[in-house]
Amino acid sequence: MLNLGRWFGLRRLYEWVLSWGYSRHARKALFLLAFTEAIFFPIPPDILLLTLGLAIPRRAVRLALLTTTGSVAGGLLGYAVGVWCWPLVDDFFYHYVPGFSPAGFAQLQQLFLRYDFWVVFLAGFTPLPYKIFTIGAGVFQIPLGIFLLASLVSRGLRFLLIGLFIYRFGEQTRDFTLRYFNKLTLAAGLVLVAGLCVAQLWR
């Protein structure tokens, strides 16, 4: 059953995020949104990147790089939370941050044991909640170098694709991104998962 209170709460957050697109602090807001979304915030930075990029398309690629920097920096903090603070904060995340659950973390551990780089890559590139995987990577002691490389590649690829689409196609990008971008990245992620499964079978 739809939780209307939560839906309206997310809708207000969504509108609040978009309102920063008209502020003189918009670039700072974009960085902070990307940073916090990698740890706990529920609204992805794509929507603010799209708004700011469409306002001045020639800056879209630079804004994508700023978004990538903020997201990876936030991911590193999430990783640190997982490494050093998780026993102190796990109850908070399980109760108040959507997507976190003990059962989900148990499944995540098994995925990390088999596909460490690719699990982080898929979370960073697709609509999967990146925050769960940044903290999970720390909790389950994924090597920092692997985590950082996977985050840089996946987050950079995701946001730079949006930036390049805006730079090349301008206003036409809005409908494409809102309607299809997440579906396409998810489809690409599923193809990658299928490839990994086939590779495992052929070992």
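Label separation (residue 171 vs residue 12): 3.3 nm, computed from points 7 Å beyond Cα along the C-beta direction. Using Cβ point charges alone (K and R +1, D and E -1), the dipole size of region 75-172 about the Cα centre works out to roughly 260 debye.
The slack in the chain from residue 85 to residue 113, taken as 0.36 nm per residue of separation less the alpha-carbon distance, amounts to 8.0 nm.
Comparing Cα centroids, region 31-63 and region 68-108 end up 21 angstrom apart. Taking the fewest neighbouring Cβ atoms within 10 Å as the starting point, the ordered list for 37, 15 is 15, 37. Footprinting exposure proxy ranking of 72, 120, 89, fewest other C-beta atoms within 10 angstrom first, gives 89, 72, 120. If R0 equals 25 Å, the separation of the Cβ atoms of residue 96 and residue 59 corresponds to a calculated FRET efficiency of about 0.10. Were the residues from residue 103 through residue 47 laid out at 0.36 nm apart, the gain over their Cα-Cα distance would be 17.1 nm.
Each reported figure results from applying straightforward, stated rules to the coordinates on display, with no laboratory input. These numbers come from a predicted model, not from an experiment. Ideal geometry is used to build each Cβ from the backbone, glycine not excepted, and the neighbour counts take in all protein chains shown.
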